[in-house]
1. When the residues of segment 12-45 are narrowed to those that are over 15 Å from the mean Cα position of the chain (by Cα) and under 24 Å from GLY147 (Cβ atoms), which ends up least open to solvent (accessible area, probe 1.4 Å)?
2. Name the residue that is surrounded by the most Cβ atoms within 10 Å (Cβ to Cβ), counting only residues in segment 46-55 that are farther than 21 Å from LYS91 by Cα and not aromatic (Phe, Trp, Tyr).
3. Is it the case that segment 58-68 has a residue that's open to solvent by less than 50 Å² (accessible area, probe 1.4 Å), under 25 Å from GLN87 (Cα atoms) and within 12 Å of the chain's Cα centre (by Cα)?
4. Failed condition for ALA130, given (1) surrounded by fewer than 17 Cβ atoms within 10 Å (Cβ to Cβ); (2) at pLDDT below 95; (3) of a type in the set (Gly, Ala, Ser), with all others met?
5. Considering only residues that are of a type outside the set (Asp, Glu) and either open to solvent by less than 30 Å² (accessible area, probe 1.4 Å) or at pLDDT below 95 (or both), which ones fall in segment 107-121?
6. Tell me which of these GLY173 doesn't satisfy, since it passes every other one: (1) outside any loop (DSSP other than H, G, I, E, B); (2) exposed (fewer than 13 other Cβ atoms within 10 Å of the Cβ).
7. Could you name every one of the helices (runs of 4 or more DSSP H) located completely within segment 34-140 that has at least 2 residues being in contact (Cβ under 8 Å) with a residue 12 or more places away in the chain and in contact with a Gly (Cβ under 8 Å, 6 or more places away or on another chain)?
Amino acid sequence: MLLNVCCAPCALPLIEAADNPTLFFYGPNIYPREEYDKRLGETEKVAKLCGLDFLAGEYEHDAWLDYLKAQLPDQPESYREGGERCQACFKFRLAGTAKFAKERGFKRFATTLSVNRFKDVGFINRYGEALAREARLEYFPFTLDPGAAHKRGLELSRQHGIYRQKYCGCEFGLRK
């Protein structure tokens, strides 16, 4: 299974619940580049710590911004956190993950976004399942309680000295 990872702390409890996933760091939304590099490094650290394979996608921040602007009638900064802008972001990242999974011969994919107390996990899982059907892949929706997963992620992050960020990653979340 290819597990799309947005950040190491979110991946930690899912790694415990999954059967030897390959970690795929794909975060074209993350801004600035220094933050992206920090999260990338921490995810690679977790992969080594857990003995898992690690892959990284391209940093396609400009393509991600262009996609948001094309999908939204108003400027991306005008949307509230958790709304239409975030759904467009999830679509871009999930589509990139499904494409990567298909190209690399994976049969299943999942995302850390599917277990998050601040995200619309229903939307994320429905979209992941639709992409999987189109690509003839299997989408794996985690059934962990988001609050418990968050707590476990905090605990494991402290235990292993993993950096925890203070925002979702994009420049719009940073401005909150």
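1. This residue is ALA18.
2. Among residues in segment 46-55 that are farther than 21 Å from LYS91 by Cα and not aromatic (Phe, Trp, Tyr), the one surrounded by the most Cβ atoms within 10 Å (Cβ to Cβ) is VAL46.
3. No, there is no match, as no residue in segment 58-68 is open to solvent by less than 50 Å² (accessible area, probe 1.4 Å), under 25 Å from GLN87 (Cα atoms) and within 12 Å of the chain's Cα centre (by Cα).
4. (2) is the only condition that ALA130 fails.
5. PHE109, ALA110, THR111, THR112, LEU113, SER114, VAL115, ASN116, ARG117, PHE118, LYS119, VAL121
6. Unmet condition: (2).
7. Details: elements: 61-71, 84-103, 121-135.
Hits in segment 34-140: 84-103.
The values are calculated or read from the model by the stated rules, or taken from the named source; none is laboratory data. On a predicted model such as this, the values are computed, not experimentally measured, just so you know. Note: ideal-geometry Cβ built from the backbone for every residue, glycine included; neighbour counts use all protein chains shown. Ligands, DNA and RNA are excluded from the accessible area calculation, which covers all protein heavy atoms including side chains. Shrake-Rupley method; radii C 1.70, N 1.55, O 1.52, S 1.80 Å.
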